[in-house]
Ligand SMILES: [Zn+2]
């Protein structure tokens, strides 16, 4: 079986996946007033190079009709054979220097060998150095009359304004469902594949708007499942497909801090040519939704990450978006964001290793003669329904306090003077050290404030109760995942307690 994206690549303007691009190019060709310099801009896999090659034939075709190349005349045939010396393709990602442009210039000033026009197709043109762009600018300012330049880019923002002003821009975009479906239907019909609408729909949603990815994925699918494709078989196919990192998996790996796994996956994706701008954009949208969900905006499954973590992650992704323009290593900005996120959370861990928590609880047990409430060391730490456990609550304690403070300062103060000691069946047990604190926290309206706060941070409904500890040395808990400036604010507020606060925090968090 031949490769779909080669076998089914468009050969005529009318076969281009994007109708508006086809119309634009056809209009130029019909008018016979063909611009000498084009800029094809748009995401990877949107069909820029295919369109450039068809345009090269249409321009040189001896029998052009309605703006279409005949694909039969000797010029068309010569180009189709791939052997024409008058069609010069260059990848500016690997030929980005001034010497490369000088090489182009030499070729441009020589007359065409056989065709009417020499066509220069320069891919990833935004990767050129500044000097190379300057040299290119001179060439396209006064191009030899027998030359046409088709520059292609995935990132228009990196092209100097001076160069831009000389180019006729043709915008390529991601395929919408209709265009993607039309593209897939050609293959389905051509290969006589049995497949129903639901299955097609699923595949289209997986394509990320890229025609090339769609064709490649479908090719793999047919190679692996044969010509009768059933919906049930798809799920396992997509799960097993390597390199395809989805947002949910990314979130899971991030929340357990598996930095090695994440970086390995990102490196693999880079080799597979995944579009990192797209991937990062998807992550931003995904985590933004998760953040909104904490505040009950939207519907869906809530994240294990709390408000502070999601905010920090989104901020790092925004930073990555800015850095994308400053580096040619596509995966690097995202990798830096991941490293910083996990590094920040190492200082303020999302989840502590189980052993540490067990050790803490054991230590507590040793001093428990001071405390009324005891924690059973054998109690399971993780609870089924919510995926929550005591360690998670302890680690997010600072975040919980910050979330509650705006609603009621004294409730926050009572909580700060307590400590979480147990979490079973969605019920959190807090140890408090003064009867007054217990009474106030258990007042229905205050109880609601605390439970709402827990919900905002964890996205699940939790209850809580207070038990009175005997110890007079009230173990306060310092905020563990609060930004540094907030911690210092609080410390200046509460200077008196500073030393105790630190001692206790040290006891609890090590
Ligand atoms: Zn022709």
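Region 405-510 holds helices (runs of 4 or more DSSP H) entirely within its bounds, and those carrying 2 or more residues that are modelled with pLDDT of 60 or more map to 409-416, 435-441, 444-458.
Taking region 267-276 as the range and being surrounded by 14 or more Cβ atoms within 10 Å (Cβ to Cβ), part of a helix (DSSP H, G or I) and free of Cβ contacts under 8 Å to residues at least 60 places away in the same chain as the test, the residues that pass are 268, 276.
Reported count of residues in region 71-94, each being in contact with a helix residue (DSSP H, G or I) (Cβ under 6 Å, 6 or more places away or on another chain) and either free of Cβ contacts under 8 Å to residues at least 12 places away in the same chain or within 16 Å of the ligand (Cβ to nearest atom) (or both), is 5.
What are the residues in region 54-69 that are out of contact with any strand residue (DSSP E or B) (no Cβ under 7 Å at 6 or more places or on another chain) and either under 19 Å from residue 21 (Cα atoms) or touching a residue at least 40 places away in the same chain (Cβ under 8 Å) (or both), if any? Hits for region 54-69 are 54, 57, 60, 64, 65, 66, 67, 68, 69.
Looking across region 51-67, the residues that are more than 9 Å from the ligand (Cβ to nearest atom) and touching a helix residue (DSSP H, G or I) at 6+ places or on another chain (Cβ under 9 Å) come down to 51, 53, 54, 55, 56, 59, 66, 67. Filtering region 134-143 to residues that are touching a strand residue (DSSP E or B) at 6+ places or on another chain (Cβ under 8 Å) and assigned to a loop (DSSP other than H, G, I, E, B) leaves only 143. Inspection of region 114-137 identifies no residue that is under 26 Å from residue 26 (Cα atoms), exposed (fewer than 14 other Cβ atoms within 10 Å of the Cβ), assigned by TED's automatic domain parsing to the domain that holds residue 15 and more than 16 Å from the ligand (Cβ to nearest atom). Residue check: residue 32 meets all listed conditions (1) within 16 Å of the ligand (Cβ to nearest atom); (2) touching a helix residue (DSSP H, G or I) at 6+ places or on another chain (Cβ under 8 Å) but one, namely (2).
The values are calculated or read from the model by the stated rules, or taken from the named source; none is laboratory data. Since this is a predicted model, take the numbers as computed values, not measurements. Positions of Cβ are generated from backbone atoms using ideal geometry, with glycine treated the same way; all protein chains shown enter the neighbour counts.
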